[in-house]
Amino acid sequence: MTVIRGRRWWMPAAGVGVLLLAACGGGSKAGSTASIPSDIHKIKHVVVIMQENRSFDSYFGTYPGADGIPMKDGQPGVCVPDPTTSACVLPFHDRYDLNFGGPHDAVHSAADVNGGKMDGFIREALHASTRACRRSPFDPNCVQQSQSPDVMGYHDGKDIPNYWAYARDFVLQDHMFESVHSWSFPSHLYLVSAWSATCSQPTSPMSCQSALDPKLAHSASDPTYGWTDLTYLLNRAGVSWAWYLDQGASRPSVPDIWNVIPGFVDVHQDNQLGNVQDLARFYQAAKDGSLPAVSWILPNGRDSEHPPNLVSTGESYVTGLINAIMQGPDWASTAIFLSWDDWGGFYDHVVPPQVDALGYGIRVPGLVISPYAKQGYIDHQNLSYDAYIKFIEDDFLGGQRIDPKTDGRPDPRPDVRENAPQLGNLLSDFDFSQKPRQPVVLPVHPQTDLIAPSARRSTSRGG
């Protein structure tokens with residue numbers, strides 16, 4: 001088999017189905033605080049920033065000390081077969097600001113993992129088509145291909161200097177996995193509810209069933225997500241929260257597949273739709289020191305890093321968000337959790353842990369930024385977005401879980417994801433005994449080695 005260095009190729013595993021995994025059990029005791037250290041309450045504001053479609057190896061695969069791309073004699077020591085040739089294609093440094101990635105729904109996730117071989121990425125990408133792009137550029141089957149497919153490409157610290165700076169100054173998580181082995185939409189459902197489901201009767205939570213590709217609520221006036229999400233517990237406990245959208249009169253809107261909170265029935269029942277706000281409200285809250293206890297920030301397409309949107313644009317947007325927090329009165333009591341919602345078809349070499357029938361998915365980057373975050377720490381625990389929910393529950397809800405047995409709004413979810421034995425604890429990323437760290441305000445438009453989009457010609461391959 002020939003090894004190809006530096007070529008931009010991309011690849012579905014024939015006959016590969018979605019893996020059904022053993023469910024993790026375990027309930028939760030309402031209000032249990034025995035194992036929650038009191039120092040966690042130094043964090044009075046949690047801000048979750050969710051970006052789009054990057055694998056860990058594609059952004060931090062060469063970060064020193066991380067579980068990155070295996071190397072041999074300074075070169076990648078792993079490769080992925082190209083089914084159209086006898087070549088085995090190595091990961092390569094891709095300096096282009098515009099990337100394309102590959103298809104990335106549940107079928108593609110299973111095929112990319114390929115029973116643990118992690119070798120389906122090029123095969124899946126070669127089967128991609130631009131036809132799905134006619135429906136939406138955010139369709140998981142939409143790949144706006146180029147003459148030099150890039151699913152094996154990765155960026156380094158000169159390409160994305162601010163993201164690597166946050167890793168050096170704070171915490172990089174190198175075993176953060178998408179909560180579900182599927183695409184953006186179910187991933188965002190997991191982000192706020194630790195489940196993805198479809199409900200035959202949305203006003204009846206017990207009518208909901210697990211789904212890798214659930215039914216989408218197409219308007220805020222027609223909620224269809226009937227199971228319980230975290231905001232139900234926050235509202236009941238009087239804990240403030242906000243769902244900030246990167247949109248407005250002069251910006252693109254946030255796609256419905258990412259803007260999931262208005263689709264939850266309990267948000268309507270609790271009269272909490274007013275907590276869904278434009279990003280301008282976030283900037284004002286950060287400036288005047290009125291951030292809610294829990295915030296989620298969702299990008300529009302341009303700022304999201306979702307291919308083919310620019311890496312540099314997304315990094316600048318995220319830097320602006322973090323700078324706003326760091327320069328405001330709430331920095332001293334804030335924890336920022338930054339991640340990407342799925343792998344976007346890009347190569348990753350780590351086999352996802354098995355949790356239940358829906359997860360975990362392929363590895364994504366994760367960063368923790370806080371005055372109490374350990375400096376230059378690499379967290380090797382197995383994590384998912386369920387860890388965000390767990391931290392919020394421990395900090396603000398006394399350890400109450402989204403648990404049908406104890407939360408007062410039962411639904412038929414198969415397990416309590418926050419209690420999965422495979423799931424690490426974000427407390428490991430903090431040192432509450434240290435003096436609060438000073439802000440690290442970075443340039444919004446840093447100098448990079450990225451090559452401008454004009455240097456990359458895009459050609460479509462019909463299908």
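For the reader, a short list of remarks on this structure follows.
- Label point distance in nm, residue 270-residue 288, each placed 7 Å from Cα along Cα→Cβ: 2.4
- Segment 304-393: mean projected area of Cα convex hull, nm²: 7.5
- Using every pair of distinct Cα positions in segment 360-463, the Kirkwood expression returns a hydrodynamic radius of 17.9 angstrom.
- Charge dipole (debye, nearest 20) of segment 350-462; +1 at Cβ of Lys and Arg, -1 at Cβ of Asp and Glu: 580
- Using a cutoff of 8 angstrom between alpha carbon atoms and counting only pairs six or more residues apart, the relative contact order for segment 384-463 works out to 26 percent.
- Span from the segment 198-240 Cα centroid across to the segment 307-346 one, whole angstrom: 27
- Nearest-0.05 FRET efficiency for residue 169 and residue 93, computed from C-beta distance (R0 30 Å): 0.80
- q = 0.12 Å⁻¹, segment 177-262: log10 I(q)/I(0) [Debye, one scatterer per Cα]: -0.38
- What the Cβ-Cβ distance of residue 201 and residue 72 gives, at R0 = 60 Å and to the nearest 0.05, is a FRET efficiency of 0.60.
- Size of segment 54-189 as Cα extents on the principal axes (Å, biggest first): 42, 40, 30
- For a paramagnetic label modelled on residue 441 (point 7 Å from Cα along Cα→Cβ), amide N atoms under 17 Å away belong, within segment 294-327, to 317-327.
- Mean ellipticity per residue at 222 nm, deg cm²/dmol - from DSSP H runs of n ≥ 4 across the chain, formula -39500 (n - 2.57): -5000 deg cm²/dmol
- Members of 42/405; 44/287; 44/435; 44/158; 42/435; 44/374 lying beyond 22 Å, as alpha-carbon distances in this model show: 42/405; 44/158
- 18 Å cut-off, amide nitrogen to a point 7 angstrom out along residue 219 Cα→Cβ, residues in segment 254-270: 254-257, 259-265, 268-269
- Under the criterion of Cα pairs below 8 Å and six or more residues apart, the relative contact order for segment 288-347 equals 33 percent.
- Simple point charges give the picture: +1 on the Cβ of Lys and Arg, -1 on the Cβ of Asp and Glu, and for the chain a dipole about the Cα centre of about 520 debye.
- The alpha-carbon atoms of the chain define a convex hull whose volume equals 137 cubic angstrom per residue.
Here, each number is a calculation from the coordinates, and none is a lab measurement. The model shown is predicted, which means the values in this text are computed figures rather than measured ones. Cβ atoms come from the backbone with ideal geometry, glycine included; neighbour counts cover every protein chain shown.
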